[in-house]
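Take a look at the structure below.
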Amino acid sequence: MSNQDNGVQLTLNPTEAAAAQAPAPGPTLEPAAPTLTLNPSAAPAAPEQKKPEAPPVDMDERLLSEAEKKAVADFAEKIDITDSSQVMQYGSAAQKNIANFSESALNSVRTKDLGEVGDALASLVVQLKNFSPEEEKKKGIFGLFQKGKSQLEDFKAQYAKAEVNVDKIVSVLENHQVTLLKDVAMLDQMYELNTQYYKELTMYILAGKKKLAAVRSGELEDLRKKAQQSGAQEDAQAYNDLVNLCDRFDKKLHDLELTRMISIQMGPQTRMLQNNDTLMVEKIQSSLVNTIPLWKSQMVLSLGLEHSRQATAAQNAVTNMTNELLKKNADMLKVGTIETAREAERSVVDIQTLQHTNEQLISTLDEVMKIQKEGAQKRREAEVELTKIEGELKQKLLELR
């Protein structure tokens, strides 16, 4: 069974589903409260910032358009709470759509490894960082005096090797960029689907609540009055059966409300995933159009400066090494002497240790005394409670007789 009006549809058949999007309320601004002071020269105290409580969102027909309200009203008339099969299947199609949507979003995260993009960017950084015109300094002072080796040629060879590796990484990043752009478009579609499922669940819940309220205020109330007037067992049972059916349907509506909340949360979660992908695309783009061209231009300048660097490299290295050795020896002598003097003056057991031990011992004794007092108090209270329980049991037995 289904009801359709201007494209808005609710169905008792779990294989059909539809929805529409409700407008979100806009933000509001509140004027700041005025302040008074007796000291105009003093800086005004900053008012205590209290986080405003979020107002609860009432789920009613204000969330629907006129066509959707009519569809909900027509659909509510067709709901049969006494049909167990219909109650069991009520809204299951929308719940299944939410479950499938959640699974699709999860699979999207699983199949897309942003770690690979991070690894590629990290590899790019390593390649640019490892390439340095001062690489020979790492070999020590004696490396500066090696003969038969041109530092300039080595420098050019390093640049050529790094350039090849960078080009490979660029190709990987470009492929990842295309994949991420497709994912951004896919997440847009997923967001729209989730909005439809959310509206569909809202309509199911509102229709169910409308029907439940009508049954409780009409048919259920009539059965209650009839059972009271007749006093017949079958009338009381009929009333009790309808109460149970209403409760079952109420629980079913609560399940739908939980599923609706999952759909509400999936909206911002989907946007967060989309935003992460977009940020990564921008990072890749920045690396491709800024970092790599800048690196190559700087390497051209470095090649030109290599000639002048070679003339002073050896002398600078010797001078720097001598200064470093003198500083390190002086630092080590100072640290060693101070540590030796400090250890020699230290007691076998620190007074702070003894104080801590004494404080813990006193605290332990206080805690034991407190526990013992509390235990005694609880036992006295339990004795009083036991007498009351015994009296209540005797009273109830007398009432039964």
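The values are calculated or read from the model by the stated rules, or taken from the named source; none is laboratory data. On a predicted model such as this, the values are computed, not experimentally measured, just so you know. As a convention, Cβ positions derive from the backbone with ideal geometry for all residues, glycine included, and neighbour counts pool all protein chains shown. For the accessible areas, the whole protein counts, side chains as well, though only heavy atoms, and no ligand, DNA or RNA atoms are used. Shrake-Rupley method; radii C 1.70, N 1.55, O 1.52, S 1.80 Å.
According to the square roots a ≥ b ≥ c of the eigenvalues of the Cα gyration tensor, what is the shape class of segment 207-283, taking rounded for a/c under 1.5, prolate for a/b larger than b/c otherwise, and oblate for the remainder?
On the way: a/c = 10.67, a/b = 5.28, b/c = 2.02.
In terms of gyration-tensor shape, prolate.
Under a 1.4 Å probe, what is the accessible area of segment 160-297 per residue, stated in Å²? List each step's numbers first, then the result.
Working: 7470 Å² over 138 residues.
I get 54 Å² per residue for segment 160-297.
Applying 1/(1 + (r/R0)^6) with R0 = 56 Å to the Cβ-Cβ distance of H254 and T387, what FRET efficiency is obtained, to the nearest 0.05?
Working: r = 42 Å, r/R0 = 0.76.
Using R0 = 56 Å, I get an efficiency of 0.85.
In a shell of Cβ-Cβ distance under 11 Å around N240, excluding N240 itself, what net charge do Lys and Arg (+1) and Asp and Glu (-1) give? Don't skip to the end; give the middle numbers.
Numbers: positive: R224; negative: E234, D235, D241, D247.
The answer is -3.
How do I264, I79 stack up against each other in accessible area, from largest to smallest, with a 1.4 angstrom probe?
Working: I264 65, I79 5 Å².
Sorted by accessible area, descending: I264, I79.
Of K70/K225; K70/K211; K161/K182; K211/K252; K373/K394, which pairs sit farther than 24 Å apart, going by alpha carbon to alpha carbon? If you can, show how the numbers build up before the last one.
Working: K70/K225 32 Å; K70/K211 14 Å; K161/K182 33 Å; K211/K252 13 Å; K373/K394 32 Å.
Violating the 24 Å limit, Cα to Cα: K70/K225; K161/K182; K373/K394.
To the nearest 0.05, how large is the calculated FRET efficiency for R62 and Q229 if R₀ is 30 Å and r is the Cβ-Cβ distance? Intermediate values should be presented prior to the final figure.
Numbers: r = 40 Å, r/R0 = 1.33.
It comes out at approximately 0.15.
Let me cross-check S65: its accessible surface, 1.4 Å probe, with only protein heavy atoms counted, in Å² to the nearest 10?
50 Å²
How large is ³J(HN,Hα) for each residue in segment 228-239, as worked out from phi by the Karplus curve 6.51 cos²θ - 1.76 cosθ + 1.60 (θ = phi - 60°), to whole Hz, x for Gly and Pro?
My calculation for segment 228-239 gives 5, 6, 7, x, 6, 5, 5, 5, 5, 5, 4, 5 Hz in order.
Just how much of M261 is accessible, in Å², when a 1.4 Å probe is used and the result is rounded to the nearest 10?
Taking all protein chains as shown, M261 has close to 90 Å².
Using θ = phi - 60° and the Karplus form 6.51 cos²θ - 1.76 cosθ + 1.60, what ³J(HN,Hα) does each residue of segment 244-251 get, whole Hz, x for Gly and Pro?
So the J values, rounded to whole Hz, are 5, 5, 5, 5, 4, 5, 5, 5.
Heads up, I need the accessible area for S363: 1.4 angstrom probe, whole protein in place, Å², nearest 10.
Taking all protein chains as shown, S363 has close to 60 Å².
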